[in-house]
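Trainee: Okay, handing you the structure first.
The values are calculated or read from the model by the stated rules, or taken from the named source; none is laboratory data. All values derive from a computational prediction rather than experimental measurement. Here the Cβ positions follow ideal geometry from the backbone for every residue, glycine too, while neighbour counts run over all protein chains shown. All accessible areas refer to the heavy atoms of the entire protein, side chains included, with ligands and DNA or RNA removed. Shrake-Rupley method; radii C 1.70, N 1.55, O 1.52, S 1.80 Å.
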Amino acid sequence: GKIVVLDLRGFVFFGAAAQLLAKLRRDLRLPFEASLDSTWYRGSSGGMTPPLRELPPPKFAVLDCSDFSGVDATAARACFVPLRRQLKECGSRLFFAGLQPDVKKTLTSHGFVVDYDFSSLDAALENAEEALLGHLGSTSSSSSSRRRRSAKSEENDASVSIRHILADFLGRDKYFAD
């Protein structure tokens, strides 16, 4: 998918940083170290399947931190700093949802830049979806300037509201009735 949501829980200390970074890289389909590049995973059908990272990385990685209690200084530098750098190199954005202020302070005081910090998972997902739809829909107007329009004016207007883009995409106009 274009958006991947991962749930962080508990406290991350240095001893678990490498393992967490490897799991995040796998789940976000990012390249591993050379020693892991030839790894194949046994699929549910019993056959060997390629690792998820053979698919392109997501455009948006959303870390749900609502149950994430903290990180020590070394883990911040060993896990989150390289993760952000690698996502940025792939053209992906890293969104945090529900990041506690003390955890954010620890991350930023140890070299991590929190570019996108949302109060909730819903807010992070909404922003990621709007950014994706902005690329799919008309670029002639920003999503903030879009407003409801009647069906007749939409026919003559290249700019379409997100609501109608979703309706067209899902083929379910009845769920978006006025």
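Trainee: Based on this model, can you work out whether L83 counts as among the aliphatic types (A, V, I, L, M), within 23 Å of R29 (Cα to Cα), open to solvent by less than 40 Å² (accessible area, probe 1.4 Å) and part of a helix (DSSP H, G or I)? Give the derivation first.
Mentor: On the way: among the aliphatic types (A, V, I, L, M): yes; within 23 Å of R29 (Cα to Cα): yes; open to solvent by less than 40 Å² (accessible area, probe 1.4 Å): yes; part of a helix (DSSP H, G or I): yes.
Against the criterion (among the aliphatic types (A, V, I, L, M), within 23 Å of R29 (Cα to Cα), open to solvent by less than 40 Å² (accessible area, probe 1.4 Å) and part of a helix (DSSP H, G or I)), L83 qualifies.
Trainee: For segment 92-115, name all the residues that are open to solvent by less than 10 Å² (accessible area, probe 1.4 Å), in contact with a strand residue (DSSP E or B) (Cβ under 8 Å, 6 or more places away or on another chain) and closer than 12 Å to A76 by Cα.
Mentor: Within segment 92-115, V103, L107 meet the criteria.
Trainee: Scan (1) part of a helix (DSSP H, G or I); (2) in contact with an Asp or Glu (Cβ under 6 Å, 6 or more places away or on another chain); (3) at pLDDT 95 or above; (4) of a type in the set (A, V, I, L, M) for the single condition L99 breaks and write down its number.
Mentor: (1)
Trainee: Taking the condition of being in a strand (DSSP E or B) and either closer than 21 Å to S92 by Cβ or in contact with a Gly (Cβ under 8 Å, 6 or more places away or on another chain) (or both), how many residues in segment 1-23 meet it?
Mentor: Let us first name the residues in segment 1-23 that are in a strand (DSSP E or B), namely 3-12.
Filter again for either closer than 21 Å to S92 by Cβ or in contact with a Gly (Cβ under 8 Å, 6 or more places away or on another chain) (or both), leaving 3-8, 11-12.
Count: 8.
Trainee: When you look at S38, is it modelled with pLDDT under 95 and not acidic (D, E), yes or no? Show your work before the answer.
Mentor: Details: modelled with pLDDT under 95: yes; not acidic (D, E): yes.
Yes: the conditions hold for S38.
Trainee: Need pairs with beta-carbon distance below 9 Å; first residue closer than 16 Å to L28 by Cα and within segment 87-102, second among the acidic types (D, E) and surrounded by fewer than 20 Cβ atoms within 10 Å (Cβ to Cβ); sequence gap 6+ or separate chains.
Mentor: Final answer for the pair search is K88/D115; R93/D115; L94/D115; F95/D115; F95/D117; F96/D115; F96/D117.
Trainee: Examine segment 64-71 for a residue that is open to solvent by 20 Å² or more (accessible area, probe 1.4 Å), at pLDDT 95 or above, in a helix (DSSP H, G or I) and more than 22 Å from L132 (Cα to Cα), and state whether such a residue exists. If you could, list the steps in order and put the result at the bottom.
Mentor: Here is the first cut: in segment 64-71, the residues open to solvent by 20 Å² or more (accessible area, probe 1.4 Å) are 64, 66-67, 69.
Cutting the leftovers down to at pLDDT 95 or above gives us 64, 66-67, 69.
Subsequent filtering for residues that are in a helix (DSSP H, G or I) retains none.
Among the residues of segment 64-71, not one is open to solvent by 20 Å² or more (accessible area, probe 1.4 Å), at pLDDT 95 or above, in a helix (DSSP H, G or I) and more than 22 Å from L132 (Cα to Cα), which makes the answer no.
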